[in-house]
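Just below is one structure, and these are the notes that go with it.
The values are calculated or read from the model by the stated rules, or taken from the named source; none is laboratory data. These figures come from a predicted structure and were not determined experimentally. Heads up, the Cβs are rebuilt from the backbone with ideal geometry, glycines too, and the neighbour counts pull from every protein chain shown. SASA here: full protein model, heavy atoms, side chains in, ligands and nucleic acids out. Shrake-Rupley method; radii C 1.70, N 1.55, O 1.52, S 1.80 Å.
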Amino acid sequence: MAETTPMPTPAPTPTAGLVVVSGMSGSGKSVALKTFEDLGYYCVDNLPAGLLPDFVRAVSHEGTGPTLLAVGIDVRNTHGDLTGIPGWLSEVGKLGLDPRLLFLDSADDVLLRRYADTRRRHPLSHYGLSLGDAIDLERQVLRPLRQMADLVIDTSAMNVHQMRRRIITEFGLGDDSTVSLLFESFAYRNGVPPEADFVFDARCLPNPHWDPVLRPLSGRDRAVAEHLDHEPEVQEFADQVGHFLDTWLPRLRAGNTRSYVTVAFGCTGGRHRSVYLAEAMAERARNQGWEEVAVHHRELD
């Protein structure tokens, strides 16, 4: 008998209702959730898996709530919660939504390098495990979710732009001709992002770090933003950078030679000035009609 080629599974559409985002720590789950949020999904991270049906009922009551939901569920849940996910997804289906499970993965050596670069703690490190052992345990715990996933994306060789574009393509959420903009903050002490197309150095600007009230906060917090809003040098810097980007980003789009562009802002700690500027420039781009705009704070996310 002639061997038949299986038909590809159709990508889910924006009417999918609920997307559960899971995967290995360091594989890009926060980027995925932010992508869905930018595309109109109501997103919640680290939701206890057992609350999935109640969460859907709460936000979709009487058809007046959001119809597109994305929820992050990973190894931070208890093991018992994870084993019950098939039943809870089935219950969500009975509520009239079509749940999909997206699993993000990366090779162990890539995860080790990403943790070394960001200096973040693995969520299982509190068990006293080495980083390698924590990754091994996490992979074992999450294996059932990976096996039941509707879509598995290996992000080992992907940058943030490529990952966003893959998600948008797989879920049928965007136009392939759209230019994706990423505004990224970083700390110079940890190196310049290698994928950056434009890099702006904010270390010459007044630093909120020296204010003991603002030091524990970040550029995403209102108090820090309001403080920098009233710094003339910061506003002069933002205006000049904004005018530069207003001039040259549209020309990149008109040239139809790039599908994504990264604009990076660096400061000493990657916590206050660079974060504030990345957020401000992203908002400026959105107000000017750019459709795919994302923000990534390397030292915070």
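Candidates in the stretch 174-189 are the residues that are crowded, with 17+ Cβ neighbours inside 10 Å and in a loop (DSSP other than H, G, I, E, B); of these, the one that is modelled with the highest pLDDT is VAL179. Residues of the stretch 108-162 that are of a type outside the set (A, V, I, L, M), modelled with pLDDT of 90 or more and either within 11 Å of SER25 (Cα to Cα) or part of a strand (DSSP E or B) (or both): ASP108, GLU138, ARG139, ASP154. Restricting the first member to the stretch 14-29 and to residues that are open to solvent by 10 Å² or more (accessible area, probe 1.4 Å), and the second to residues that are at pLDDT 90 or above and part of a loop (DSSP other than H, G, I, E, B), the beta-carbon pairs closer than 7 Å and six or more apart or on different chains are GLY26/SER106; GLY28/THR155. For the stretch 276-298, the set of residues classified as among the small types (Gly, Ala, Ser), at pLDDT 95 or above and either under 14 Å from the mean Cα position of the chain (by Cα) or open to solvent by 20 Å² or more (accessible area, probe 1.4 Å) (or both) consists of ALA280 only. Could you check the stretch 55-106 and list, in sequence order, the residues that are open to solvent by 50 Å² or more (accessible area, probe 1.4 Å), over 13 Å from LEU18 (Cα atoms), of a type in the set (D, E, K, R) and at pLDDT 80 or above? Selection gives ARG76 alone. Taking first residues from the stretch 263-289 that are under 10 Å from GLU184 (Cβ atoms) and partners that are part of a helix (DSSP H, G or I) and small (Gly, Ala, Ser), the Cβ contacts under 6 Å between residues at least 6 apart in sequence or on separate chains come to PHE265/SER274; PHE265/ALA278; GLY266/SER274. Summed over the stretch 192-210, residues that are open to solvent by 50 Å² or more (accessible area, probe 1.4 Å) and in contact with a His (Cβ under 9 Å, 6 or more places away or on another chain) total 2. For the residues GLU226, GLU231, GLU236, GLU292, the requirement of being in contact with a Ser or Thr (Cβ under 6 Å, 6 or more places away or on another chain) and over 18 Å from ALA187 (Cα atoms) singles out GLU292. When the criteria are applied in full, LEU217 fails the requirement of being closer than 21 Å to MET281 by Cα, part of a loop (DSSP other than H, G, I, E, B), in contact (Cβ under 8 Å) with a residue 60 or more places away in the chain and open to solvent by less than 80 Å² (accessible area, probe 1.4 Å).
Against the condition modelled with pLDDT of 90 or more, among the aliphatic types (A, V, I, L, M) and not in a loop (DSSP other than H, G, I, E, B), how does VAL192 come out, does it pass? No. Which condition number does ALA49 fail, the rest of (1) touching a strand residue (DSSP E or B) at 6+ places or on another chain (Cβ under 9 Å); (2) more than 18 Å from ASP301 (Cβ to Cβ); (3) open to solvent by 60 Å² or more (accessible area, probe 1.4 Å) being met? The one condition ALA49 does not meet is (3). Note on the stretch 30-46: residues that are among the small types (Gly, Ala, Ser), at negative phi and open to solvent by 40 Å² or more (accessible area, probe 1.4 Å) total 1. Among the residues of the stretch 256-275, the one identified as at positive phi and modelled with pLDDT of 95 or more is GLY270.
Which residue pairs have Cβ atoms under 8 Å apart, sit 6 or more places apart or on different chains, and have a first residue in the stretch 110-124 that is surrounded by 14 or more Cβ atoms within 10 Å (Cβ to Cβ) and a second that is outside any helix (DSSP H, G or I) and charged (D, E, K, R)? Taking only residues 6 or more apart or on different chains, the pairs are THR118/ARG298; THR118/GLU299; PRO123/ASP74; PRO123/ARG76.
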